[in-house]
Amino acid sequence: MRIIITNESVYEWAAYYTVKCILDYSDTDKPFVLSFPLRYVNKSYYQKLLSFYNDNIVSFKNIHIVSSGEYIDSNISQKYLEDNFLKFIDIPRENVHLFDSNVANRKEEAKRMANLIKELGNITLLIDTLAEDGSFLLNTPSSSLEGSVRDKKISEIIRSYEAKKFDMPIEMFPREGLTLGFEEAFNARYVLVMASGYEVSDALAHCVEGAITQFYPTSVLQEHKKLIIVADEESSSDLKVKTYKYAKSLESKSLHPKELIKGLYKSYYALTNIKIFDGEKFIEGHCIVIENNVIKSVEKEIDVDAVITRIDLGGKIVAPGYIDLQVNGIGGYDINASPTVETLKNMNEVCQRYGCTSYLPTVITNSDEYMIKIIDLFNNIEDLSVMGVLGIHFEGPYISHEKRGIHNEKFIREPNMEMVKKINASKCVMVTVAPEMVSGEVIEAFASAGKVVSVGHTNGTYNEIKEKIPYGITFATHLFNAMRPWGSREPGAVGAVLETKDMYAGLICDGVHCDFASVELAYKLKTGHICIVTDAIAPAAAPEIKEYIWAGKKIHRDGNRLIDDNGTLGGSSITMSQSVRNVVNEVGATVEEALKMASLYPAQVMGIDDKYGRIKEGYIADLVVLDEKLVVKGVVFKGNYKEYDYDHEWVTHA
């Protein structure tokens with residue numbers, strides 16, 4: 001017998017143990033036979049089992065489930081099992097063996113179940129919950145400590161306890177039941193008993209420390225070679241100090257099944273043999289442990305005996321996943337042309353291939369009706385983050401006619417407060433405006449609603465921009481592009497942005513939208529406040545697309561340039577990955593600063609740098625894996641590792 005006292009839920013502990021037994025089972029001659037508790041078990045036990053099943057950790061296709069009993073003329077416990085577990089799993093119905101509690105001949109039903117269990121090769125894991133009176137299943141005090149499946153009168157203690165748990169009046173609760181006996185228990189390979197709550201503390205002490213007695217039937221299981229009792233602190237309150245300390249020490253020696261099976265998770269693993277850029281600096285000789293979708297720890301080393309999956313990355317760089325604050329489309333997909341959930345999913349998949357694990361789908365100038373359509377689409381998505389989406393970036397329509405770029409002039413307008421309220425109530429997180437086109441009141445309304453207000457597509461003067469910044473402007477959309485330039489006598493919008501120390505700015509680092517000398521200038525003047533953005537449209541990462549209709553105009557690919565018939569630039573064809581390399585190779589920025597520009601600084605702009613932009617305990621496990629040339633070799637997206645096996649980066653899309 002082994003008793004383990006846990007600070008966690010005994011029901012979740014038991015679920016881990018159940019899965020461990022199933023995964024460890026290797027007998028090819030007979031099936032794994034699982035006998036679930038007859039009595040009420042907290043739903044968290046079944047929910048945890050279902051989480052293992054839903055995560056593809058365990059399957060029940062080849063499992064047989066045997067009921068440990070049922071109440072006469074009732075199906076209370078079996079219905080509870082069905083509603084909370086059986087109907088959600090892949091077990092064949094012929095593998096579920098339940099009592100018929102309505103039979104006239106109970107002796108024959110007991111014999112049938114006993115023979116069935118023997119034909120299956122006996123029970124592999126038998127699970128029970130400890131009752132106040134020390135009953136084992138329905139084998140109540142004064143029961144025979146021998147024998148097989150039988151019908152039994154139910155003790156009043158169990159009736160009262162079960163009626164309360166099943167929310168039934170005690171007078172309506174059955175008085176008799178069918179139950180497995182001690183023969184089935186001792187023939188079982190493993191027996192697990194769960195003890196929870198102060199009300200069973202006296203029974204637990206007798207069953208663990210006392211003599212074997214029919215007055216506490218569970219005490220007979222002391223002689224079972226593979227009995228585990230898992231108890232919480234409350235139920236163990238009557239144990240002797242020596243017993244308590246011994247039981248507590250067992251779990252501390254890694255006997256918790258969570259520790260023993262965690263290496264089987266796809267969602268629990270360590271990235272090893274890596275050079276980590278943690279968001280601030282490079283560190284070596286460490287590994288990253290990931291659990292579910294978060295970074296569990298950054299450790300110097302992992303114990304050689306630890307049971308955990310290791311992914312050896314051969315000395316590659318691991319950095320925080322890139323965050324792109326301006327993506328109209330990529331890989332042939334376009335949120336403007338096709339505003340659907342499927343488009344967002346596809347854009348996310350392509351973005352990840354270039355190291356970008358979070359992005360702002362960017363919607364350019366359009367009608368109120370179209371904007372409302374976009375708002376409705378995003379508002380109906382419960383969790384945008386599963387698609388790497390941070391929210392909507394409305395780039396327009398409150399922009400300058402003179403600096404509209406490729407945007408459709410007929411939709412450019414000044415804002416009305418009704419539409420401002422709709423935007424503020426939506427999952428829009430960034431709004432690009434021309435400050436000369438909007439009042440301070442509108443900017444303040446956006447900022448007060450938590451939106452990032454960005455200056456862009458503006459012909460505003462230096463003074464006009466500086467006048468509006470205090471109302472809540474914190475970002476600049478594609479610095480240098482579509483804004484009044486920096487002049488000697490009129491610093492313009494560019495001068496206002498560069499001169500405002502605390503303002504962040506996005507830069508398209510493709511050598512087309514900005515000469516690399518301009519990128520270098522901005523980088524040096526605003527180190528710590530420049531974010532790499534792509535402003536990508538559908539032909540980006542899709543070299544086979546030579547022409548594309550965007551913003552109502554035909555866009556042509558001319559090398560790395562995407563231009564309309566008049567030569568006006570219409571978005572970019574660059575990716576975040578190439579942008580990072582350009583900043584290092586063409587601009588001369590340090591690798592550290594380039595990586596910050598691609599992740600940490602965008603996270604700071606969005607106010608999410610408490611969860612993104614760093615490799616740190618508790619942060620979202622969004623990471624990019626790079627070779628020495630900063631080519632993306634893989635990503636971790638929400639805890640899931642993906643490897644990309646190519647020597648260069650490009651994606652074709654049919």
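The residues packed around Y601, meaning those with a beta-carbon under 13 Å from its beta-carbon, carry a net charge of -3 if Lys and Arg are +1 and Asp and Glu are -1.
When only Cα pairs below 8 angstrom with a gap of at least 6 residues are kept, region 2-237 shows a relative contact order of 26 percent. Compared with the rule-of-thumb size 2.2 N^0.38 Å for a compact globular protein, region 1-131 has a Cα radius of gyration ratio of 1.06.
As a rough footprinting exposure proxy, the listed residues H407, H224 were ranked by other beta carbons within 10 Å of their own, and the order from fewest upward is H224, H407.
For region 131-192, the Stokes-Einstein estimate of translational diffusion at 10 °C and a viscosity of 1.306 mPa s comes to 128 µm²/s, using the Kirkwood hydrodynamic radius over alpha-carbon pairs. Each of S579, S44 has some number of other Cβ atoms within 10 Å of its Cβ, and from fewest to most they run S44, S579.
The tail of the calculated P(r) for the chain beyond 50 Å holds 34 percent of all Cα-Cα pairs.
Which percent, to the nearest 5, of DSSP beta bridges fully inside the chain are antiparallel? Approximately 45 percent, going by the DSSP bridge assignments. Only Lys, Arg, Asp and Glu carry charge here, each on its Cβ (+1 for the first two, -1 for the last two); on that basis the chain has a dipole of about 380 debye about its Cα centre. Computed from the alpha carbon positions, the gyration tensor of region 410-455 leads to an equivalent ellipsoid with semi-axes of 15, 12, 10 Å, biggest first. Net charge in the neighbourhood of I443 (other residues with Cβ under 11 Å of its Cβ; Lys, Arg +1, Asp, Glu -1) is -1.
For a straight C-alpha distance cut-off of 26 angstrom, the lysines reachable from K240 (same-chain residues fewer than eight places away being disregarded) are K225, K226, K248, K253. Label region 322-612 by shape, choosing from rounded, prolate and oblate, from the square roots a ≥ b ≥ c of the eigenvalues of the Cα gyration tensor; if a/c is under 1.5 it is rounded, and otherwise prolate applies when a/b is larger than b/c, oblate when it is not. In terms of gyration-tensor shape, rounded. To the nearest ten degrees, helix 341-353 and the longest principal axis of the Cα atoms of the chain are 80 degrees apart. Unpaired Cys in the chain, meaning no second Cys C-beta under 4.7 Å: C21, C207, C287, C428, C509, C514, C531. Going by neighbour counts of Cβ atoms within 10 Å, the residues F99, F173 line up, fewest first, as F173, F99. Size descriptors for region 2-237 (Cα atoms only): Rg and Dmax, in that order, 16.5, 47 Å.
Alpha-carbon geometry of region 514-654: the Rg and the Dmax are 16.6, 51 Å, given in that order. Separation of the alpha carbons by more than 24 angstrom is noted, of K48/K638; K596/K642; K421/K596; K468/K611; K427/K596, for K421/K596; K468/K611; K427/K596.
Mean sequence separation of contacting Cα pairs (under 8 Å, at least six apart), scaled by the length of the chain, corresponds to a relative contact order of 12 percent. Under 12 Å of direct C-alpha separation, and excluding same-chain neighbours fewer than eight residues apart, K300 reaches these aspartates and glutamates: E284. Equivalent-ellipsoid semi-axes for region 475-567 (Cα gyration tensor, √(5λ), whole Å, largest first): 28, 14, 11. The magnitude of the dipole of region 322-612, with charges of +1 and -1 set on the Cβ of Lys/Arg and Asp/Glu and taken from the Cα centre, is near 120 debye. Among the listed pairs K30/K107; K345/K524; K403/K526; K275/K524; K524/K553; K61/K296, those whose Cα-Cα separation exceeds 29 Å are K345/K524; K524/K553; K61/K296.
Using a cut-off of 13 Å between alpha-carbon atoms, which aspartates and glutamates can reach K164, once sequence neighbours fewer than 8 places away in the same chain are excluded? Answer for K164, where 13 Å is the Cα cut-off: E156, listed by chain and number.
FYI, it's all coordinate maths here, none of it is from the lab. In this text, all values refer to a predicted model and were calculated from it rather than measured experimentally. Don't worry about glycine lacking a Cβ; one is built from the backbone with ideal geometry, like all the others, and counts go over all protein chains shown.
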